[in-house]
Amino acid sequence: MSYVAPVKDMMFVVRELAGLDEVARLPGCEEATAETVEAVLQENASFVQEVVAPLNREGDLAPSSLADGVVTTTRGFREAFHAFGAGGWQGIKHPVEYGGQGLPKLVGTPCIEMLNSANLSFALCPLLTDGAIEALLTAGSQEQCARYIPNMISGKWTGTMNLTEPQAGSDLAMVRTRAVPQADGSYRIFGQKIFITYGEHDMAENIAHLVLARTPEAPEGIKGISLFIVPKFLVDADGSLGPRNDVWCSSIEHKLGIKASPTAVLIYGDGKGEVGEGAIGYLVGEENRGLEYMFVMMNSARFAVGMQGVGIAERAYQQAAAFAKERVQSRDVAGSPGPVTIVHHPDVRRMLMTMRALTEGARALAYVAAAASDAGHHHPDAGVRRQNMAVYEFLVPIVKGWSTEMSIDVASLGVQVHGGMGFIEETGAAQHYRDARILPIYEGTTAIQANDLVGRKTVRDGGATAKALIARIRETEGALAQVPDSADLAAIRAALGEGAAALERVVDFIVASAKSEIRAVYAGSVPYLKLAGIVLCGWQMARAALVAQRMLAAGEGDQSFLGAKLVTARFFADHLLSGAAGIAASICSGATGVLGLSEEQF
């Protein structure tokens, strides 16, 4: 089945939940009017549906290949990437001064989702390039920004993030790649990096690698890591490409999913380039602050990976729903003269509604987070900026961790809806499941996101940001109570109240126990992240239900769409929010079972 971008739902969330009108009033965001944003989303939808989505299956069947250090991407990828750059899509949220469109993150986020729904493997190249651009905007010199960013925005060049080494996965204190200073101010880079997405490919003229490495006198651990930009081809003063640098792809991984995306092993300093031994690199920012700068790129990538989860969930849901409306199997349990399409069967309905509700909830939460980021960067009041950045930073590990975990559940349900045909590759449902499986792993596993949510985002401020969000949930609960004679809103209100109470109980437990029972707290870190995802997404669905109910009562808008939104919100409350109390109990009281066995008993 071909992908159809859900622009109507995207615009509903952007306007009614994420507050587009408020974002458009922020300094520098004035062009993001509703009319402009809808036109951008419609144009993006046309591009990804017509150009990118048709390549998804081909990329799975005929993935990228490596020969003599050269990676050849799937047929059609190169042309599609050129069209992507020419269309201005890489620069949608980047500064106008470097050739971008300068639109808010709230506008760029639906475009990221659509690209990932269309083709997860293809979307990974722009994702990493976005991160490289943001890292340079944060820490790069004026000359570095001018030299690299316009070319990355145009699509002529791409960017990568080089952190991981064979002995240094999540523990970056173990990074051993060396950076040896040279007389001209450059550095010679020596080492090996693994799991480098689009570390080598044929879709662009040059690749700007952002590399973590240590200088000779650097202190041990994470305090001694610096960030370097290492181009595949050196760049002359006039902007033209010079000699081939000493960075080479020795292999690409054979993976469970996202097969068309080349995941490279890169060797720096093997003496194969045209510059002598050691790849030539240039320090970004100050020495020994590399991890700090790289976290800018990682946070950008983590949010974007969350959108990958939403994107693949949407694609899996669309395919499952279309199949369920076509596949004829068995009679209706209530009686029918003959076999019916499987969408008539109650359990198929349950699965489809689960897929739909999870996807819509995660989309809403991510877009709301994007709007908070825009306010955090552009609001004229410093206090408001700080509050919004705190909210955004609190939500990033949830958007990344929850959205990617739920995408596996949604893709798995998609296979189940297809029945035996879902296990057969030709239907495409299995590809979504395989592709989704990497998402909770890279850019920091779910446990790493959860540890961040516990330590940096909850304990550090004594639960203040979490409690502020819970207070806003309570406001929505109060608003639901003001609408009389609505069984749907009453049910949503009851479940939302229980969910807020469960989340508050856990936040209190974490803050109170972080010092005295730290292992018990972290034993429940991933369940805490999932609880936060369920409750916060349920909150957004409750807000959506309020808007839908109001518009339905007034006879405004698309009544079928709004009716479906109300039903989906009710389903979320009845079937997903209703589990919040049980998750909270497992967090607050379940550490014994997690930690009780000795090492030998495993």
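The values are calculated or read from the model by the stated rules, or taken from the named source; none is laboratory data. Everything numeric here is computed off the predicted structure, so don't read it as measured data. We place every Cβ from the backbone using ideal geometry, glycine too, and count neighbours over all the protein chains shown.
Only one of these is assigned to a loop (DSSP other than H, G, I, E, B), modelled with pLDDT of 95 or more and farther than 23 Å from residue 94 by Cβ: 360, 326. Name it. Of the residues listed, the single one that is assigned to a loop (DSSP other than H, G, I, E, B), modelled with pLDDT of 95 or more and farther than 23 Å from residue 94 by Cβ is 326. Among the residues of segment 208-223, at least one is in a helix (DSSP H, G or I), basic (Lys, Arg), farther than 25 Å from residue 67 by Cβ and out of contact with any His (no Cβ under 7 Å at 6 or more places or on another chain). A residue that is farther than 23 Å from residue 426 by Cα, outside any helix (DSSP H, G or I) and hydrophobic (A, V, I, L, M, F, W, C) can be found somewhere in segment 75-98.
When residue 33 is tested against the conditions (1) over 18 Å from residue 126 (Cβ atoms); (2) hydroxyl-bearing (Ser, Thr, Tyr); (3) touching an Asp or Glu at 6+ places or on another chain (Cβ under 8 Å), the lone failure is (3). Scanning segment 224-231 for any residue that is under 24 Å from residue 74 (Cα atoms), touching a residue at least 24 places away in the same chain (Cβ under 8 Å) and crowded, with 21+ Cβ neighbours inside 10 Å turns up at least one such residue.
Note on segment 207-219: among residues that are over 25 Å from the mean Cα position of the chain (by Cα) and touching a residue at least 12 places away in the same chain (Cβ under 8 Å), the one that is surrounded by the most Cβ atoms within 10 Å (Cβ to Cβ) is 213. Of all the numbered requirements in (1) over 13 Å from the mean Cα position of the chain (by Cα); (2) surrounded by 19 or more Cβ atoms within 10 Å (Cβ to Cβ), residue 312 misses one, and that requirement is (1).
Restricting attention to segment 18-40, the residues being crowded, with 21+ Cβ neighbours inside 10 Å and within 17 Å of residue 360 (Cα to Cα) number 1. Of the residues examined, residue 373 is not one that is assigned to a helix (DSSP H, G or I), within 23 Å of residue 170 (Cα to Cα), touching a residue at least 60 places away in the same chain (Cβ under 8 Å) and within 20 Å of the chain's Cα centre (by Cα). In the set (1) out of contact with any Asp or Glu (no Cβ under 6 Å at 6 or more places or on another chain); (2) modelled with pLDDT of 95 or more, residue 264 fails one condition alone, (1). Is it the case that residue 277 is at pLDDT 95 or above, farther than 30 Å from residue 431 by Cβ, surrounded by fewer than 18 Cβ atoms within 10 Å (Cβ to Cβ) and not aromatic (Phe, Trp, Tyr)? Yes; evaluated as a whole, the condition is true for this residue.
Residues that are in contact with a Lys or Arg (Cβ under 7 Å, 6 or more places away or on another chain), within 18 Å of residue 197 (Cα to Cα) and not hydrophobic (A, V, I, L, M, F, W, C) within segment 233-267 comprise 257, 263, listed in sequence order.
So that you can scan it fast, the table gives a plain yes or no per residue for (1) of a type outside the set (S, T, N, Q); (2) touching a strand residue (DSSP E or B) at 6+ places or on another chain (Cβ under 8 Å); (3) modelled with pLDDT of 95 or more; (4) crowded, with 17+ Cβ neighbours inside 10 Å:
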{"residue": "520", "(1), (2), (3), (4)": "yes, no, yes, yes"}
{"residue": "525", "(1), (2), (3), (4)": "no, no, yes, yes"}
{"residue": "540", "(1), (2), (3), (4)": "no, no, yes, yes"}
{"residue": "548", "(1), (2), (3), (4)": "yes, no, yes, yes"}
{"residue": "567", "(1), (2), (3), (4)": "yes, no, yes, no"}
{"residue": "579", "(1), (2), (3), (4)": "yes, no, yes, no"}
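Within segment 7-52, the set of residues being among the aromatic types (Phe, Trp, Tyr) and under 15 Å from residue 547 (Cβ atoms) comprises 12 only.
On the stretch given as segment 478-493, residues that are surrounded by 16 or more Cβ atoms within 10 Å (Cβ to Cβ), assigned to a helix (DSSP H, G or I) and in contact (Cβ under 8 Å) with a residue 60 or more places away in the chain total 5. Do we have any residue at all in segment 414-433 that's part of a helix (DSSP H, G or I), buried (at least 19 other Cβ atoms within 10 Å of the Cβ), of a type outside the set (A, V, I, L, M) and touching an Asp or Glu at 6+ places or on another chain (Cβ under 6 Å)? Yes, segment 414-433 contains a residue that is part of a helix (DSSP H, G or I), buried (at least 19 other Cβ atoms within 10 Å of the Cβ), of a type outside the set (A, V, I, L, M) and touching an Asp or Glu at 6+ places or on another chain (Cβ under 6 Å). Contact map, segment 548-559: first residue more than 12 Å from residue 16 (Cβ to Cβ), second residue of a type in the set (Gly, Ala, Ser) and surrounded by fewer than 16 Cβ atoms within 10 Å (Cβ to Cβ), Cβ cut-off under 8 Å, separation 6 or more or different chains; pairs are 552/563.
For segment 517-534, the count of residues that are of a type in the set (Gly, Ala, Ser) and without any contact (Cβ under 8 Å) to a residue 12 or more places away in the chain is zero.
Entry remark, segment 486-518: residues being closer than 19 Å to residue 543 by Cβ and among the hydrophobic types (A, V, I, L, M, F, W, C) number 12 in total.
If the condition is being surrounded by 15 or more Cβ atoms within 10 Å (Cβ to Cβ) and either assigned to a loop (DSSP other than H, G, I, E, B) or basic (Lys, Arg) (or both), then segment 63-74 contributes 63, 64, 73, 74.
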